[in-house]
Amino acid sequence: MTAVPSPLPGRRRSPVRWFADTGWRHLVGVLTLVFALFPIVFVLSASLNANGTLTAANDLFADVSPVNYRELFTSPVYPYARWFLNTMAVAAGTAVLQVFVAALAAYAFSRFRFAGRRLGLLGLLLVQMFPQLLAAVAIFLLMFEIGALFPGIGIGTVWGLILVYLGGALGVTTFLVKGFFDTIPRELDEAMKVDGAGHARVFFGMILPLAAPVLAVVLLLAFITTINEYLIASIILTAPQTQTLAVGLYQLVSQQLSANWGLFAAGALLGAIPSVLLFQFLQRYIVSGLTSGSVK
């Protein structure tokens, strides 16, 4: 038998060649990671600094103390726990209702043909072109008049803020979900209708499970946007007990002579935890396939 020659051992690349091929990518990754993590590390250091000033936090973790976190939940001046609960209620309610209503509207625009359909889609896009600041006065006057008739959803109520958020972001959300619904084959609808299913069963039994990735993205964006929103929340929520984190934390630093940046940093870090947890929970839906498992 003829002996098979053994493969020649690979030559070791020089450090210059390795850096030119792949090393620079590691360097860019490390620099990007440092650039992204430094603000978080700085805010964490400021939250653990008892002095309450940003200049004292320049020396990272020079003074580590949980006094700011303790004061957030024990101070009678700043009802942080109430702000946190209000924020979670507003964000969760807005995200869930926005996804549900947008999915209903998107299904109608995607599957039905009716008069004014194209005009309605264009109207949803045109409304989103105007900045939110232009509607601030109109929203205040509208909610003030609504509160005179229905006090439970007027100025100073959490439900009133949820309704404003729901209407403000419904246009772009509906258009986004509608584009995803268009990619789902209509043959699946027809197959279920042949078996006797109506529109409600098609929507809840087939469309929504297949649209889980885009619904997860919409839910995450709505949740994060609601937590970070300040302008409309400061207009609607006037009482301290009904304010959200964005409005309440602003009071801690609105007056520079009595600003406490340590409390602000601690409150901001705690307020960011729900968004991180929600992203980790929805990550498997976001990265899942478009219609994986829909057709055998």
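The values are calculated or read from the model by the stated rules, or taken from the named source; none is laboratory data. All values derive from a computational prediction rather than experimental measurement. Quick reminder, even Gly has a Cβ in these numbers, built from the backbone with ideal geometry, and neighbours come from all protein chains shown.
Are any of the residues in region 82-100 part of a loop (DSSP other than H, G, I, E, B) and aliphatic (A, V, I, L, M)? Scanning region 82-100 turns up no residue that is part of a loop (DSSP other than H, G, I, E, B) and aliphatic (A, V, I, L, M).
Yes/no per residue for (1) farther than 24 Å from residue 274 by Cα; (2) assigned to a helix (DSSP H, G or I); (3) of a type outside the set (Gly, Ala, Ser); (4) modelled with pLDDT under 85:
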| residue | (1), (2), (3), (4) |
| --- | --- |
| 121 | yes, yes, yes, yes |
| 134 | yes, yes, yes, yes |
| 145 | yes, yes, yes, no |
| 224 | no, yes, yes, no |
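Just one of the listed residues (197, 239) is aliphatic (A, V, I, L, M), under 17 Å from residue 89 (Cα atoms) and modelled with pLDDT under 85, namely 239. Any residue at all in region 51-58 that is modelled with pLDDT under 80, in a helix (DSSP H, G or I) and closer than 17 Å to residue 268 by Cα? Yes, region 51-58 has at least one match. Considering only residues that are surrounded by 10 or more Cβ atoms within 10 Å (Cβ to Cβ) and more than 24 Å from the chain's Cα centre (by Cα), look in region 123-140 and name the one that is farthest from residue 219 (Cα to Cα). The residue in question is 137. When region 102-156 is filtered for residues that are in contact with a Ser or Thr (Cβ under 8 Å, 6 or more places away or on another chain) and β-branched (Val, Ile, Thr), only 155 remains.
For the residues 252, 219, the requirement of being under 23 Å from residue 71 (Cα atoms) and assigned to a helix (DSSP H, G or I) singles out 252. Restricting 202, 218 to those that are buried (at least 19 other Cβ atoms within 10 Å of the Cβ) and within 16 Å of the chain's Cα centre (by Cα) reduces the list to 218.
Before we move on, is residue 82 surrounded by 14 or more Cβ atoms within 10 Å (Cβ to Cβ), touching a His at 6+ places or on another chain (Cβ under 9 Å) and charged (D, E, K, R)? Here the answer is no, as residue 82 does not meet what is asked. The set of residues in region 173-185 that are loosely packed, with under 15 Cβ neighbours inside 10 Å and under 10 Å from residue 110 (Cα atoms) comprises 179, 182, 183. The number of residues in region 85-98 that are hydrophobic (A, V, I, L, M, F, W, C), farther than 17 Å from residue 272 by Cβ and crowded, with 22+ Cβ neighbours inside 10 Å comes to 0.
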